[in-house]
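Questions regarding the structure given below will be posed in turn.
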Amino acid sequence: MAAAKIARDAQMNKTIYLDNGSTTKVAPEVTKSMIPYFEEEYGNASTIHAKGVNAKQALENSRKIIAKSINALPEEIIFTSGGTESNNFALKGTAFENKEKRHIITTKIEHSSVLNTCKWLESQGFEVTYLSVDKDGFIDLNELKKSIKEKTILFSVIHANNEIGTIQNLEEIGKICKQKKIYFHIDACQSYTKVPIDVKKQNLDLVSLNAHKIHGPKGVGALYIKKATKISSWQHGGSHESHLRAGTENVSAIVGFAKAVQITNSSHIKKMTELRDKLISEVLKIPGTRLNGPQGDKRLCSNTDFSFNAIEGEAIVGFLDEAGIAASTGSACAEKNLDPSHVLKAIGLSHEQANGSLRLTLSRFTTEQEICYAIQTLPEIVKKLRQFSPFGRELKNVL
Amino acid sequence: MYSKETIERFRNPKNTGEIPNADAVGEVGNMKCGDVMKIYLKVEKNKIKDIKFQTYGCMAAIASSDMLCELAKGKTLDEALNIKFSDITKGLGELPQIKIHCSVLGTHALKKAIENYKSNN
């Protein structure tokens, strides 16, 4: 009954949003918290009159909230325009401030904002090592140890992978980086508020955060920079953000960001985990299907990613869209890039498997009825597309 | 990203499937490029009496295959050989630049099927 109601809702253009890995709905509390900083307290936080002081106070209060959430000091939080800027800043800033060393280590499964920054740093004379991962997307700690040289500046890794949800072991990596005296940067855009981050316990030097994956506004993020880290400013101008990031602070968005952090709680994680596991076990019942990434605690609570034999991911997304479900793919034809996902290739998938991938990502707003509807809808779509596929017949023989 | 015509054709293709006793088949593409198209022909008096496709690929590839079948049906083999990728994209309203190759692949699949037919008859 519930699923039938959802089906009706879907027809009435109520989208079932399972693309929370791309971005999330702004929580109503967040929107509400931001409005006064557009309409009333719109002062520039660098000015000395009352409106400026009020804006500055809101800015610093937000900084405290975000700092506390990762066990950092407020002065160690620098606000940015989002995850991409934070990653660019962390890598370029430390690279150029420590340029006598010239070596950086990252992995093959990073977000494009890390990979393309690394590629650019290579063009600037830096040497970059890209670590392999195993079939579930985990790095090999011994390989990390072996790749650290005298001249290594930092190791950068995505905390929870945006495509396959793999959560790296920060404690162990942090110990290695501390022992070898290299900086440790994590891209925590997907994991923030969903997986514990403690900069002291995990020996973190740099952490990229953003708001729009946690029901905050787009266009705002932060970079945690541990005290005494040698990093150069990457955006020059005024003395904002301790001279590290010039530009008038986006106070309303920053207030919304802090609000989004404040309203998260562990019950959301529990609910998402339960729905995720239900979705995974039901989708895997479709013949010729595999789950990409690990199962259980080491997978991000909001992430699922599947490959379907003999069909292509974008076509699945197209039919899901028709059924009122918003999903995404890391497949060949998905975006402005015809190559299959570098993450799926890194975990050893064939071109065919990588092309046939579908990512369904949950949020605290995802309901059980929505997951039931997706579970009902998906097998029909896969069946239909396999009927179109020249490989459908071959598949029948192997199933 | 896609035109209404492309989405509509992708969602409701009219020419999918196999022709069991086809007079010729043409298959192009590979997994590496992400698209594989298979075109089945039934030929009568040098005309394409029936044509069907099976395609592994994205929305543009499926829509292009279906458009191609519609354009080719009823044409003589020589007329069908003259179908250009731009005829397919025109029929689909338009295709994003990065997806034009899907329409090109369609013309290649048809050409291959017709060549196979000619070499066997």
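The values are calculated or read from the model by the stated rules, or taken from the named source; none is laboratory data. Here the structure is a predicted model, which is why all the values come from computation and not from measurement. So basically every Cβ, Gly included, is an ideal-geometry build from the backbone, and we count neighbours across all protein chains shown. Remember, those area values only see protein heavy atoms, side chains included, never the ligands or the DNA or RNA. Shrake-Rupley method; radii C 1.70, N 1.55, O 1.52, S 1.80 Å.
What is the gain in length, in nm to one decimal, between residue A:127 and residue A:285 on full extension, counting 0.36 nm per residue of separation less the C-alpha to C-alpha distance? Intermediate results must be reported in sequence, preceding the final value.
Working: separation 158, 0.36 × 158 = 56.88 nm, distance 4.49 nm.
Once the chain is fully extended between residue A:127 and residue A:285, it gains 52.4 nm.
Let me ask something additional. Beyond 16 Å, what share of the Cα-Cα pairs of the range A:66-146 is found? Please give it as a whole percent.
For the range A:66-146, the fraction of Cα-Cα distances above 16 Å is 61 percent.
If you don't mind, another one. Near the amide H of residue A:127, under 5 Å away, which other amide H atoms are found, from residues 5 or more places off or on another chain, if H is placed in the peptide plane?
A:103, A:104
B plus A alone minus the pair: what accessible area, both sides summed, probe 1.4 Å, in Å² to 100?
Its buried surface, counting both partners, is about 2100 Å².
Give, in nm to one decimal, the length gained when the segment between residue B:121 and residue B:14 is fully stretched (0.36 nm per residue of separation minus the Cα-Cα distance).
Working: separation 107, 0.36 × 107 = 38.52 nm, distance 2.82 nm.
Stretched fully, the residue B:121-residue B:14 segment lengthens by 35.7 nm.
I'd like the mean, over residues of B:93-102, of how many other protein chain beta carbons sit within 10 Å of each residue's own Cβ.
Across the residues of B:93-102, the mean count of other-chain Cβ atoms within 10 Å is 1.
Only bridges whose two residues both fall in chain A count here: according to DSSP, what percent of them are antiparallel, nearest 5?
Around 50 percent of the beta bridges assigned by DSSP in chain A are antiparallel ones.
What per residue convex hull volume, in Å³, do the alpha-carbon atoms of the range A:113-267 yield?
Output value, Cα hull per residue: 136 Å³.
Within the protein assembly as shown, what whole-number % of the accessible surface is contributed by carbon and sulfur, with the 1.4 Å probe and all protein chains included in the calculation?
Numbers: 11310 of 22380 Å².
For the protein assembly as shown, the apolar C and S fraction of the accessible surface comes to 51 percent.
Residue A:73 to residue A:179: extension gain in nm, 0.36 nm per residue of separation minus the Cα-Cα distance? It would help to have the intermediate numbers written out before the result.
Working: separation 106, 0.36 × 106 = 38.16 nm, distance 2.28 nm.
In short, 35.9 nm is gained.
Can you run phi through the Karplus equation (6.51, -1.76, 1.60; θ = phi - 60°) for the range A:348-360 and list ³J(HN,Hα) in whole Hz, with x for Gly and Pro?
So the J values, rounded to whole Hz, are x, 6, 6, 4, 4, 5, 5, 5, x, 9, 9, 10, 10.
Taking chain A as a Gaussian network, Cα atoms linked when under 10 Å apart, which of A:86, A:266, A:328 shows the biggest mean-square fluctuation?
Greatest mean-square fluctuation among the candidates belongs to A:266.
For residue A:149 and residue A:108, FRET efficiency with R0 = 22 Å and r from the beta-carbon atoms, rounded to 0.05?
Numbers: r = 19 Å, r/R0 = 0.86.
Calculated transfer efficiency: 0.70.
Any idea of the accessible area per residue across the protein assembly as shown, 1.4 Å probe, to the nearest Å²?
Per residue, the protein assembly as shown has an accessible area of 43 Å².
Could you give me the ³J(HN,Hα) list for the range A:180-188, computed from phi with Karplus coefficients 6.51, -1.76, 1.60 and θ = phi - 60°, whole Hz, x at Gly and Pro?
8, 6, 10, 6, 10, 10, 10, 9, 9
Given contacts defined as C-alpha pairs under 8 Å and at least six residues apart, what's the relative contact order of chain A, whole-number percent? Present the calculation step by step, with values, prior to reporting the outcome.
On the way: 782 pairs, mean separation 88.5, N = 399.
RCO, chain A: 22 percent.
Using Stokes-Einstein with the Kirkwood hydrodynamic radius over Cα pairs, what translational diffusion coefficient do you get for the protein assembly as shown at 25 °C and a viscosity of 0.890 mPa s, in µm²/s rounded to a whole number? Write down the numbers at each step before the final one.
Details: Rh = 25.1 Å.
After rounding, the answer is 98 µm²/s.
As a test of the formula, what do you get for the protein assembly as shown when each DSSP H run with n ≥ 4 contributes -39,500 (n - 2.57) and the sum is divided by the residue count, at 222 nm and rounded to the nearest 500 deg cm²/dmol?
Values: 21 runs with 222 residues, N = 520.
Taken over the protein assembly as shown, the calculation gives -13000 deg cm²/dmol.
Hey, with R₀ at 45 Å, roughly what FRET efficiency would residue B:86 and residue A:140 work out to, going by the Cβ-Cβ distance, to 0.05?
Taking R0 as 45 Å, the efficiency between residue B:86 and residue A:140 is 0.35.
Sticking with this one: First check a/c for the range B:4-120, with a ≥ b ≥ c the square roots of the eigenvalues of its C-alpha gyration tensor; if it is under 1.5, answer rounded, and if not, answer prolate when a/b is larger than b/c or oblate otherwise.
It is prolate, given that a/c is not under 1.5 and a/b is the larger ratio.
Going by amide H atoms built from the backbone, whose H comes under 5 Å of the H on residue A:235, apart from near neighbours?
Distant-sequence amide H within range of residue A:235: A:246.
I would also like to ask the following. Comparing A:282, A:85, A:39, which has the greatest mean-square fluctuation in the GNM of chain A with Cα pairs linked when under 10 Å apart?
Comparing A:282, A:85, A:39 in the GNM, the peak value goes to A:39.
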